[in-house]
1. If you scan the stretch 195-222, which residues turn out to be farther than 20 Å from LEU172 by Cβ and surrounded by 15 or more Cβ atoms within 10 Å (Cβ to Cβ)?
2. Would the stretch 29-51 turn up any residue that is within 16 Å of the ligand (Cβ to nearest atom), at pLDDT below 95, farther than 25 Å from PHE178 by Cα and surrounded by fewer than 18 Cβ atoms within 10 Å (Cβ to Cβ)?
3. Residues being in a loop (DSSP other than H, G, I, E, B) and among the aliphatic types (A, V, I, L, M): count how many of those fall in the stretch 280-313.
4. Residue check: is THR86 touching a Leu at 6+ places or on another chain (Cβ under 7 Å) and either within 16 Å of the ligand (Cβ to nearest atom) or over 30 Å from PHE10 (Cα atoms) (or both)?
5. Return yes or no: is TYR85 under 24 Å from GLN193 (Cβ atoms) and either in contact with a Cys (Cβ under 7 Å, 6 or more places away or on another chain) or at pLDDT 95 or above (or both)?
6. Does ALA260 satisfy being hydrophobic (A, V, I, L, M, F, W, C) and in the same structural domain as VAL34 (by TED's automatic domain parsing)?
7. If GLU501 satisfies every condition in (1) in contact with a Ser or Thr (Cβ under 7 Å, 6 or more places away or on another chain); (2) in a helix (DSSP H, G or I) but one, which is the exception?
8. Pull out all pairs, ordered by first then second residue, where Cβ-Cβ is under 7 Å, the residues are six or more apart or on different chains, the first lies in the stretch 24-46 and is among the basic types (Lys, Arg), and the second is more than 13 Å from the ligand (Cβ to nearest atom).
Amino acid sequence: MTTLPPRPSFPPRSVLFLSTEVYPYAKTGGLADVSAALPQALRELGHDVRVLMPKYGFIGEKKQKIHLINRLQGIEYKIGDREIYTNIKSSAILTQKTRIQMYLLESEEYFQRMGLYVDPATGKDYSDNDERFLVYALSAFELCKRLLWKPDIIHCNDWQGGLVPALLRGPLRNDPFFKDTKTVFTIHNLAYQGNFPATTFPKLGLPREMFAPDGLEFFGQVSYLKSGIAYADAITTVSETYAEEIRTPEFGCGMEGLLAKRKRDLHGILNGIDFLIWDPKSDINIVRNYSVDRFLAGDFSAKEACKKDLCFAMGIPYREDRPVLGMIARLSDQKGFDLLAEIVDKIFEADAQLVVLGEGDKKYVELFTKLQKKYPEQMGVFFGFHDNLAHKIEAGSDIFLMPSAYEPCGLNQMYSMHYGTVPIVRKTGGLADTVIDSDAATSRTRPTGFTFEKYDAKAFWKAIERALKAYRKDKNLWHEMQVTGMKRDFSWDRSAVKYAELYEKILSEQPVKKH
Ligand code: ADP
């Protein structure tokens, strides 16, 4: 009989988790999935984790089925020479296992809108994003004080939460309420920096000396991301490889100097999968459920039914022997669509099918619209954000494509493997840390997919060719790869322990010299 290793125990800590998107309240990308799952995993380790996010205009609408109650009313801020009033609503993420306390910042002025960061009407960032996320940061402190709830840790995510560590080191440095509070700043994507003109700085109420190259000044601008990097007690990013990559000019987006300087405090912790939402055994979005046990018994019929259902949903004919290649991503250059554009005809010439779900860049909308017209039997595309379809693609595709130029962690390759869908990925960031190529396999580490190194269409095509060949010629290797991927442990428990250890580490360190 095998015994499970004992679960590490940690002193219970109070953690305020700041994220501007949390599933199912609001989602534009992976951050929303992480911000729902990580607090739950930390809660299970015994921490009192509470999440603060903005209440966007669409949150609480009838179709969203989210329950909100008033918690704090009429909190006032002075932004420039204006007075802003905000409220805090209370809600909860309830699962079979845990309950996560959610606080939602309500502001008629700043958040009662349909977009999170970008105005859907213009496709451009809201011009007052500097003030919006300043108020969001300030509200974190107000919330704690008014609830008389002293957080041991404020865990901030991405540029939208980047001002919090600076405010704590600056105007709040002598505030006894936060005397023992430490900050963690997690970078989910270094390319989104929240940079604003220097005229933003006086609004922030920070000491002048913080507007400097070793502070939050970034080539004459104010950078909220840099503020997080410069002033947090610990910095994390979402995979070990990305934590190394961002210290180089190629991936550092201009922040590599500061990141290299803070190397000791920078940690790579891989994201996990929320099995309550992404599990083929129980997924309510797919036509038939399945598990690795069925695969091991040689029964692939449920996955095949999912493929059929996917083809139907995407309006392409189903053929058992024709592989379906799937892709779900923001339509942006980061995701490698330019590589795909160069070789996409070859995919169709090789008698494969392609399904794409995404929203974003107009040039890629045009590309896929054109391709869909040219190959109506082989190409299915849906433009927009569609959660149900995303699950159908993970389950129904044979192969999943992620040729990203860079990928801090990437969740879809992990979802794919867990659904028995074989990923083809570029070897970067979290993709490099999670997918084992068939050529790199050893007797101890079996392959889970196909990888390529150089950001180049030819290299991408070579990987696709290898995958198509394996799919058609070597069903045994293929099934082995599916099963190996499904058995990989991508649970959040492992990563949550690493975050908990990091919290303990910084809480045990002497307070750093305040600015
Ligand atoms: P990123 O955060 O860079 O967008 P990730 O792979 O980390 O990429 O996470 C993307 C998440 O967003 C996944 O859960 C994916 O399924 C989801 N997603 C992306 N685009 C869409 C879309 N158009 N419709 C539904 N879900 C989407």
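1. Those that are farther than 20 Å from LEU172 by Cβ and surrounded by 15 or more Cβ atoms within 10 Å (Cβ to Cβ): ASN195, PHE196, GLU217, PHE218, GLN221.
2. yes
3. Selection size over the stretch 280-313: 4.
4. On the way: touching a Leu at 6+ places or on another chain (Cβ under 7 Å): yes; either within 16 Å of the ligand (Cβ to nearest atom) or over 30 Å from PHE10 (Cα atoms) (or both): yes.
Here the answer is yes, as THR86 does meet what is asked.
5. Criteria not met by TYR85.
6. yes
7. Answer for GLU501: the failing condition is (1).
8. ARG43/VAL49; ARG43/THR98; ARG43/ILE100
The values are calculated or read from the model by the stated rules, or taken from the named source; none is laboratory data. Everything numeric here is computed off the predicted structure, so don't read it as measured data. Glycine also receives a Cβ, built like all others from the backbone with ideal geometry; neighbour counts cover every protein chain displayed.
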